[in-house]
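Taking it in order: structure first as structure tokens, then the write-up.
The values are calculated or read from the model by the stated rules, or taken from the named source; none is laboratory data. Since we're looking at a predicted model, the values are computed, not measured. Because the Cβ atoms are built from the backbone with ideal geometry, glycine has one as well, and the counts that use them run over all protein chains shown. For accessibility, only protein heavy atoms count, side chains too; no ligands or nucleic acids. Shrake-Rupley method; radii C 1.70, N 1.55, O 1.52, S 1.80 Å.
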Amino acid sequence: MSSGKDSGKTYHLSCTGDALETVNKHTDERDITLFGSCFCPFVQRVWVAFEYLGIPYKVNEVDPYKKPKDLLDVSPKGLVPGLKLNYFNPPRPLNESTVILEYLEDLAANTTGRTLLPSHTDPYARALVRLQADHVSRTLVPAFYRFLQGDETKQAEARTELDAALQQLIHLLNDAEQKIDAGMGSGLWSDSGELNWLDVMVAPWIFRASNVLLHYRAFELPEDPKFRAWTQRLFAHPAFKATTSTEDLYVDSYERYAYNRPNTSQVANAINTGRGLP
Ligand SMILES: N[C@@H](CCC(=O)N[C@@H](CS)C(=O)NCC(=O)O)C(=O)O
């Protein structure tokens with residue numbers, strides 16, 4: 001765990017490890033350019049989906065805090081991820097990780113035939129997975145940042161909030177497992193399932209909890225054996241692994257959040273002022 005002193009590290013600008021290899025394989029012009037940053041969990045969501053759904057793309061690593069013009073052209077707030085859709089003339093922009101995920105899901109349905117959501121033939125299964133994803137967006141992700149940014153007076157409460165969010169996720173996953181057939185998009189929670197929508201929506205934060213929150217907050221993920229087996233399957237999944245840098249990159253990049261440095265990011269400002277995430 002950290003010594004409790006801000007050492008002044010800043011965020012990385014280039015991927016390392018497996019993610020670097022993947023970047024190097026995606027430098028040629030393609031119909032879609034992904035604007036991303038190596039540390040960003042919102043980017044990783046989208047990136048995992050590209051890999052899993054088999055959609056061709058080019059990666060353009062950018063600094064979202066410097067906001068180069070080509071990023072602003074695709075994402076009005078200068079947030080990553082952003083997409084440039086080069087098959088339109090002139091190219092068209094798309095931003096917002098969950099909207100991009102839906103776009104990629106639709107695109108894959110018309111091209112590669114792969115899918116992250118359960119089949120349309122089971123609308124209730126699709127709804128259950130979306131309910132899990134809604135919990136991730138509205139409760140779990142904000143709880144992650146509140147805990148990471150919270151000063152000592154707020155940390156106990158924030159830890160409890162994150163623990164409760166994870167327990168609720170476990171409850172939702174167990175409940176859905178009873179109601180969705182494995183093979184119908186029940187996800188890696190089931191040991192016979194495949195990567196699904198919820199897995200992609202949440203894995204980047206579960207992974208960062210396992211290294212960043214462990215390092216700065218001595219946080220341990222739930223011990224529930226099913227939860228532990230699920231995280232192992234998530235982290236080892238080829239599409240997730242291919243987009244993951246070495247753990248030091250995340251620990252370094254999140255020091256700014258852990259010490260709640262002023263103007264860390266739009267997400268950090270939203271947490272500090274109690275507003276919704278950007
Ligand atoms: N709601 C956005 C959030 C994306 C986001 O906050 N990305 C961060 C990097 S992890 C960013 O671009 N920050 C730049 C800034 O704060 O100005 C999404 O889901 O795509």
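Tell me, which longest segment in the chain has none of the chymotrypsin sites (Phe, Trp or Tyr not before Pro) that fall in DSSP loops with at most 10 further Cβ atoms within 10 Å? Intermediate results must be reported in sequence, preceding the final value.
Working: sites that count: Tyr87, Phe88.
Maximal segment without exposed cleavage sites: 89-278.
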> Any idea what the dipole of the stretch 123-273 comes to, in debye rounded to 20, about its Cα centre with Lys/Arg Cβ at +1 and Asp/Glu Cβ at -1?
Replying inline: 340 debye
> Of the accessible area of the stretch 17-110, with the probe set at 1.4 angstrom, what percent is carbon plus sulfur?
Replying inline: 50 percent
> Along the charge dipole of the chain, which of Trp47, Tyr259, Thr22 sits closest to the positive end, that is, farthest toward it, with unit charges on the beta carbon of Lys, Arg, Asp and Glu (+1, +1, -1, -1)?
Replying inline: Tyr259
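Contact order normalised by length for the chain, with contacts defined as Cα pairs under 8 Å and 6 or more residues apart; what percent is it? The partial results should precede the final answer.
Details: 419 pairs, mean separation 69.4, N = 278.
The normalised contact order for the chain reaches 25 percent.
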>> Tell me which GluC sites (Glu not before Pro) from the stretch 1-75 have a DSSP coil assignment and no more than 12 other beta carbons within 10 Å of their own.
In response: Glu29
>> Taking θ = phi - 60°, what integer Hz values does the Karplus form 6.51 cos²θ - 1.76 cosθ + 1.60 yield along the stretch 152-160, in sequence order, with x for Gly and Pro?
In response: 4, 5, 9, 5, 5, 5, 5, 5, 4
> Which residues' amide hydrogens lie under 5 Å from the amide hydrogen of Gly82, considering only partners 5 or more residues apart or on another chain, with H built in the peptide plane?
Replying inline: Phe35
> For the stretch 136-278, what is one quarter of the convex hull surface built on the Cα atoms, given in nm²?
Replying inline: 8.6 nm²
>> Net charge around Leu94, counting only other residues with Cβ within less than 12 Å of its Cβ (Lys, Arg = +1; Asp, Glu = -1)?
In response: -2
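Under the √(5λ) rule applied to the eigenvalues of the Cα gyration tensor, what semi-axes describe the equivalent ellipsoid of the chain? Give them in Å, descending. Write down the numbers at each step before the final one.
Details: eigenvalues 148, 129, 54 Å².
Working through the eigenvalues yields semi-axes of 27, 25, 16 Å.
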> To the nearest Å, what is the center-to-center distance of the stretch 194-231 and the stretch 254-278, using C-alpha atoms only?
Replying inline: 21 Å
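Please compute the per residue accessible area over the stretch 123-273 with all protein chains in place, 1.4 Å probe, rounded to a whole number of Å².
Values: 6230 Å² over 151 residues.
Spelled out: the 1.4 Å probe surface of the stretch 123-273, per residue, equals 41 Å².
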> What accessible area per residue comes out for the stretch 17-110, rounded to a whole number of Å², with a 1.4 Å probe?
Replying inline: 45 Å²
